[in-house]
Amino acid sequence: MDRQAAIEEMTGEGQPYELTLVDLYGRSCRAFKNAPSSLRELFSENRSDLPFLIYENERLTFDQVWELSSRMARILVEEYGITKGDRVAISMRNYPEWILAFEAITSIGAIAVAMNSLWKPDEMAYGLQDSGARVLFADEERLERLSHCASLPESLVGVLGVRTDHLHGLGKARKLSDLLEAYPDGAMPAAEIDPHDDATIFYTSGSTGHPKGVVACHRNIISALLSWELDMLSDLHVKGIQPSESSSQAAILLGVPLFHVTGSHAVFLLSYRAQRRVVSMYKWDVAKAAELIEREQINAVIAPAAMTGDLVEYARGSDRDLSSLALVGGGGAPRAPSQVKGIDTAFERAAPNTGWGMTETNAIGTGISGPDYLARPESSGRASAVLDLKIVNEEGESLPPFERGELRVRGTSVVRGYWNRPDANAETFSDGWLCTGDVAYLDDEGFLFIVDRIKDLVIRGGENIGCGSVEAALLEHPAVLEASVYGVPDERLGEEVGATVYTGQNLTQEDLEAFLEPRLARFEIPRFMRFSSEPLPRIASGKILKRQLREEALEEMGLS
């Protein structure tokens with residue numbers, strides 16, 4: 001049986017993954033008939049006394065997570081008057097409170113705003129203002145940054161400090177621990193939630209300007225989760241393997257930030273129905289990751305290529321027992337073919353796995369693993385069961401296999417659009433299709449190969465960096481007359497940020513790094529800079545000839 005036949009059998013009438021047509025945002029989409037109707041239902045249906053969240057020496061069961069989230073939801077409702085549709089932001093490291101807050105917010109019909117924890121104060125202020133967040137959950141470091149904001153939005157009525165003794169003079173801030181003592185128990189507040197109600201806002205960097213808030217509904221997210229389940233089970237079905245009833249609980253490492261849909265969806269949310277332990281790291285450290293894999297008998301790691309590459313290299317020279325690993329998954333950025341083969345040889349039984357997805361598709365899109373991936377290490381896989389893909393030319397006409405064009409996607413996990421950005425919606429969505437900005441082709445078996453980008457982005461270790469916003473920050477320096485930002489290859493991260501700067505003064509890279517430090521997140525600051533004493537080359541339309549500047553940079557780096 002091939003993959004398509006397996007999916008058709010498993011999604012047929014009367015099957016657990018039965019598909020039916022629904023109207024979503026005015027378009028007809030395939031949806032799972034037996035799916036939970038909301039994230040609240042997903043959480044409440046999967047309560048148990050099995051361990052769920054592991055962070056350092058802390059261990060919480062699924063039941064304990066529900067109970068703590070219920071208390072936090074009561075705080076939101078009774079202390080701050082949060083109601084359905086209100087936005088509540090989260091800005092912190094991968095503490096258990098991130099997950100508790102997310103469960104509390106979405107279970108009462110409010111919208112969880114996942115803020116990038118690497119943002120600088122002005123970026124935090126923008127995210128709060130743009131989303132209209134009424135309450136913010138923030139840890140010590142984020143509170144300190146917030147205190148440097150010139151002003152906070154009037155819509156923000158409360159800040160809840162997590163794991164901190166210092167509120168940094170923020171008049172609206174209170175310690176979450178103090179409020180939890182005042183709410184020792186209580187049921188989750190009642191809420192009527194429709195599958196098409198907005199559930200989350202995740203910010204994604206565009207090629208220019210401020211990050212855009214991607215708005216997803218409950219059905220979008222849950223369709224992605226069940227589609228991953230279906231992909232995994234159909235793969236076993238094709239191989240004639242029955243899902244095992246293991247006596248040991250599965251576990252996954254959470255090393256990627258929760259403000260990315262890879263961390264929130266593919267790691268955290270996908271663990272409820274699987275009753276899987278989530279072992280969280282404060283930040284990525286390969287030696288610590290290996291220690292946790294050995295100690296917690298972790299079965300799966302899903303992370304960008306830079307992190308899984310670290311793990312492959314560490315495994316080759318370490319005596320840690322990593323034999324529990326069965327899957328090393330990727331996402332956010334493509335892997336080098338050598339790393340795909342390295343995963344297969346560095347671990348005793350772990351299969352390489354990856355996929356393509358976007359924040360706008362709730363992280364799902366295509367998937368590939370095992371022998372298929374080893375045979376096609378440059379492919380991102382085949383489309384999920386709830387999505388359609390096509391490759392189009394500049395006129396929007398569909399192209400045949402192997403012809404390159406823009407990748408477009410539609411289906412049940414594709415979001416309705418961007419928060420308060422009709423201009424971006426008009427640019428990105430066309431006749432029900434999401435225009436990805438990726439140049440790609442499909443082969444004759446439906447495997448996707450992404451080969452370039454139309455949009456002006458650098459993808460550094462899975463993090464989208466808009467070249468335009470970095471250029472704007474460079475141009476704030478009075479001695480910078482012109483600037484062009486582009487991606488340069490990096491063995492570990494896939495890409496790093498490079499820049500060519502035209503200046504009439506004797507500037508150094510150290511000068512510009514110091515200037516950019518308060519203006520950009522650390523990962524956005526160019527690591528490679530070239531300086532020109534003459535105006536940058538331009539094409540006939542007046543645009544800077546970025547391709548030539550990048551080629552010159554690569555030649556200087558010895559990479560041409």
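The values are calculated or read from the model by the stated rules, or taken from the named source; none is laboratory data. Since we're looking at a predicted model, the values are computed, not measured. Please note: Cβ atoms are built from the backbone with ideal geometry, for glycine as well, and neighbour counts cover all protein chains shown.
Could you list all residues from the stretch 172-185 that are farther than 30 Å from Val215 by Cβ and not hydroxyl-bearing (Ser, Thr, Tyr)?
Lys175, Asp178, Glu181, Ala182, Pro184, Asp185
Determine, yes or no, whether Leu292 is modelled with pLDDT of 95 or more and in a helix (DSSP H, G or I).
It is true that Leu292 is modelled with pLDDT of 95 or more and in a helix (DSSP H, G or I).
So, in the stretch 436-448, how many residues would count as being crowded, with 19+ Cβ neighbours inside 10 Å and within 23 Å of Leu225 (Cα to Cα)?
3
Taking the residues in the stretch 322-372 that are among the acidic types (Asp, Glu) and surrounded by fewer than 24 Cβ atoms within 10 Å (Cβ to Cβ) as candidates, determine which candidate is nearest to Leu230 (Cα to Cα). So that I can check it myself, show each step before the final result.
Residues of the stretch 322-372 among the acidic types (Asp, Glu): 344, 348, 360, 372.
Imposing the further condition that a residue be surrounded by fewer than 24 Cβ atoms within 10 Å (Cβ to Cβ) reduces the set to 344, 348, 372.
Details: Asp344: 24, Glu348: 26, Asp372: 17 Å.
Out of the qualifying residues, it is Asp372.
Of (1) under 18 Å from Gly263 (Cβ atoms); (2) part of a helix (DSSP H, G or I); (3) of a type outside the set (A, V, I, L, M, F, W, C), Asn94 satisfies all except one. Which?
Only one criterion in (1) under 18 Å from Gly263 (Cβ atoms); (2) part of a helix (DSSP H, G or I); (3) of a type outside the set (A, V, I, L, M, F, W, C) is unmet by Asn94, namely (2).
Among the residues of the stretch 450-488, what is the count of those that are acidic (Asp, Glu) and under 22 Å from Gly330 (Cβ atoms)? First the steps, then the outcome.
Here is the first cut: in the stretch 450-488, the ones acidic (Asp, Glu) are 452, 456, 463, 471, 476, 482.
Those still in the list that are under 22 Å from Gly330 (Cβ atoms) too: 452, 463.
Result for the stretch 450-488: 2.
What number of residues within the stretch 225-247 satisfy the criterion of being closer than 17 Å to Ile368 by Cβ, under 23 Å from the mean Cα position of the chain (by Cα) and of a type in the set (A, V, I, L, M, F, W, C)?
The number of residues fulfilling the criteria is 3.
Is at least one residue of the stretch 184-192 in contact (Cβ under 8 Å) with a residue 40 or more places away in the chain and under 30 Å from Ala326 (Cβ atoms)?
Filtering the stretch 184-192 for residues in contact (Cβ under 8 Å) with a residue 40 or more places away in the chain gives 184-189, 191-192.
After this cut, where a residue has to be under 30 Å from Ala326 (Cβ atoms) as well, the list is none.
No.
Here's the yes/no breakdown for (1) free of Cβ contacts under 8 Å to residues at least 24 places away in the same chain; (2) under 20 Å from Val157 (Cα atoms):
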position	(1), (2)
Arg47	yes, no
Leu50	no, no
Leu60	no, no
Asp63	yes, no
Arg87	no, yes
Trp98	no, yes
Glu103	no, no
Ala112	no, yes
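Output the number of the condition that Ile450 fails; it satisfies all remaining conditions of (1) within 20 Å of Lys120 (Cα to Cα); (2) out of contact with any helix residue (DSSP H, G or I) (no Cβ under 9 Å at 6 or more places or on another chain); (3) touching a residue at least 24 places away in the same chain (Cβ under 8 Å).
(1)
Looking at Ala35, Ala101, can you tell me which residue is surrounded by 16 or more Cβ atoms within 10 Å (Cβ to Cβ) and outside any loop (DSSP other than H, G, I, E, B)?
Selected residue: Ala101, the only one of Ala35, Ala101 that is surrounded by 16 or more Cβ atoms within 10 Å (Cβ to Cβ) and outside any loop (DSSP other than H, G, I, E, B).
In the list Leu536, Leu559, Leu507, which residue meets the criterion of being in a loop (DSSP other than H, G, I, E, B), at pLDDT below 85, over 29 Å from the mean Cα position of the chain (by Cα) and more than 30 Å from Ser117 (Cβ to Cβ)?
Leu559
Among Val414, Val409, which is buried (at least 19 other Cβ atoms within 10 Å of the Cβ), assigned to a strand (DSSP E or B), touching a residue at least 12 places away in the same chain (Cβ under 8 Å) and among the hydrophobic types (A, V, I, L, M, F, W, C)?
Details: Val414 fails: assigned to a strand (DSSP E or B).
The unique qualifying residue is Val409.
Among the residues of the stretch 61-74, are any in contact with a Leu (Cβ under 9 Å, 6 or more places away or on another chain) and in a strand (DSSP E or B)?
yes
Condition test on Leu325, is it outside the structural domain of Glu140 (by TED's automatic domain parsing) and under 20 Å from the mean Cα position of the chain (by Cα)? Break it down into steps so the answer makes sense when it comes.
Working: outside the structural domain of Glu140 (by TED's automatic domain parsing): yes; under 20 Å from the mean Cα position of the chain (by Cα): no.
For Leu325, the condition - outside the structural domain of Glu140 (by TED's automatic domain parsing) and under 20 Å from the mean Cα position of the chain (by Cα) - is not met.
So how many residues does the stretch 204-261 have that are touching a Phe, Trp or Tyr at 6+ places or on another chain (Cβ under 8 Å) and part of a strand (DSSP E or B)?
Selection size over the stretch 204-261: 6.
Taking Ala375, is it surrounded by fewer than 17 Cβ atoms within 10 Å (Cβ to Cβ), among the hydrophobic types (A, V, I, L, M, F, W, C) and more than 29 Å from Phe32 (Cα to Cα)?
Numbers: surrounded by fewer than 17 Cβ atoms within 10 Å (Cβ to Cβ): yes; among the hydrophobic types (A, V, I, L, M, F, W, C): yes; more than 29 Å from Phe32 (Cα to Cα): yes.
For Ala375, the condition - surrounded by fewer than 17 Cβ atoms within 10 Å (Cβ to Cβ), among the hydrophobic types (A, V, I, L, M, F, W, C) and more than 29 Å from Phe32 (Cα to Cα) - is met.
Can we say Leu474 is aliphatic (A, V, I, L, M), surrounded by 19 or more Cβ atoms within 10 Å (Cβ to Cβ) and part of a helix (DSSP H, G or I)?
Yes: the conditions hold for Leu474.
Touching a Ser or Thr at 6+ places or on another chain (Cβ under 9 Å), at pLDDT 95 or above and loosely packed, with under 15 Cβ neighbours inside 10 Å - does that describe any residue in the stretch 40-49?
yes
Please tell me if Phe137 is assigned to a strand (DSSP E or B), out of contact with any Leu (no Cβ under 9 Å at 6 or more places or on another chain) and of a type in the set (Phe, Trp, Tyr).
no
Yes or no: Arg382 basic (Lys, Arg) and without any contact (Cβ under 8 Å) to a residue 60 or more places away in the chain?
no
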